[in-house]
Amino acid sequence: MDTQNYVQIEISQSHADQNSPCNNNNNNNNNNGEMEVEFDYSQRAQWLRAAILGANDGLVSVASLMMGIGSVKNDAKAMIISGFAGLFAGACSMAIGEFVSVYAQLDIEVAQIKRNNNINEASGQEEKEKIEEEKLPNPFQAAIASAFAFSLGAIMPLLAAAFISDHKVRIWAVVAATTLGLLVFGGVGAVIGRTKVVRSCVRVVVGGWMAMGTTFGLTKLLGFTDLGV
């Protein structure tokens, strides 16, 4: 009889412990901990770097090229054709360059994994190498992202200059469109990468202005030079 009472008391106590607020809080904390997923933002770095670099390069290089042509020749057709030439050449160049660069990185990382497999044959090594293979860079993804982003950035100054007849207004329209595009790309990159938006925007805008100003000034100076052409 005493044994039965003792068992009954123990079961009740265990049941009470399970229903206690403290235990419920612990269970909730454990459940919350299991549901929490930490996102590694560094995984976005590969395609984000290629996309932001391509967009800024397309925007600044094509705008600078158009302004350089516009500084020596008052011709809207020449500016637009030079802009499209820069778009096609730049998109191909960015895609090929990014593909070669990322593929070289891929070869290095694959070779390192093979060396690790030859040295370490522990039981947990297979799972570890599987995780590392999932993190390997993708050269095709980087190339496509870079070419698309370059074209997206390059089209903005072209659209700004295509429908304006006045030469000076066209130049300032290219500058305004480029500045707006730099602000957008800088802000988007900062938001996706979880960095400071203002600092990112200021950095890309100042860099773009420097590139356009340098190209415009040097091309203007070159136009005053007698090259015998």
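Would you please list the contacts, defined by Cβ atoms under 8 Å and residues six or more apart or on different chains, that run from a residue in region 72-91 that is modelled with pLDDT of 90 or more to a residue that is of a type in the set (Val, Ile, Thr) and in a helix (DSSP H, G or I)?
Here the result reads 78/69; 79/69; 82/69; 83/62; 86/62; 87/62; 87/155; 90/62, each pair linking region 72-91 to a residue that is of a type in the set (Val, Ile, Thr) and in a helix (DSSP H, G or I).
Within region 169-181, which residues are over 16 Å from residue 151 (Cβ atoms) and either in contact (Cβ under 8 Å) with a residue 12 or more places away in the chain or outside any helix (DSSP H, G or I) (or both)?
Those that are over 16 Å from residue 151 (Cβ atoms) and either in contact (Cβ under 8 Å) with a residue 12 or more places away in the chain or outside any helix (DSSP H, G or I) (or both): 170, 171, 173, 174, 175, 176, 179, 180.
Give me the residue from region 98-110 that is modelled with pLDDT of 85 or more and either of a type in the set (Ser, Thr, Tyr) or surrounded by 13 or more Cβ atoms within 10 Å (Cβ to Cβ) (or both) and, out of that set, farthest from residue 59 (Cα to Cα).
Across region 98-110, the extreme among qualifying residues is 106.
So is residue 113 modelled with pLDDT under 85, farther than 17 Å from residue 171 by Cα, β-branched (Val, Ile, Thr) and surrounded by fewer than 22 Cβ atoms within 10 Å (Cβ to Cβ) or not?
yes
Tell me which residues, restricted to region 186-229, are within 20 Å of residue 153 (Cβ to Cβ) and at pLDDT below 85.
188, 189, 190, 191, 192, 193, 195
If residue 138 meets every condition in (1) surrounded by fewer than 18 Cβ atoms within 10 Å (Cβ to Cβ); (2) modelled with pLDDT of 90 or more; (3) within 18 Å of the chain's Cα centre (by Cα) apart from one, which number is that one?
Evaluating residue 138 over (1) surrounded by fewer than 18 Cβ atoms within 10 Å (Cβ to Cβ); (2) modelled with pLDDT of 90 or more; (3) within 18 Å of the chain's Cα centre (by Cα) leaves (2) as the failure.
The values are calculated or read from the model by the stated rules, or taken from the named source; none is laboratory data. Quantities reported herein were computed from a predicted structural model and do not represent experimental measurements. Every residue, glycine as well, gets a Cβ built from its backbone with ideal geometry; the counts of neighbours run over all protein chains shown.
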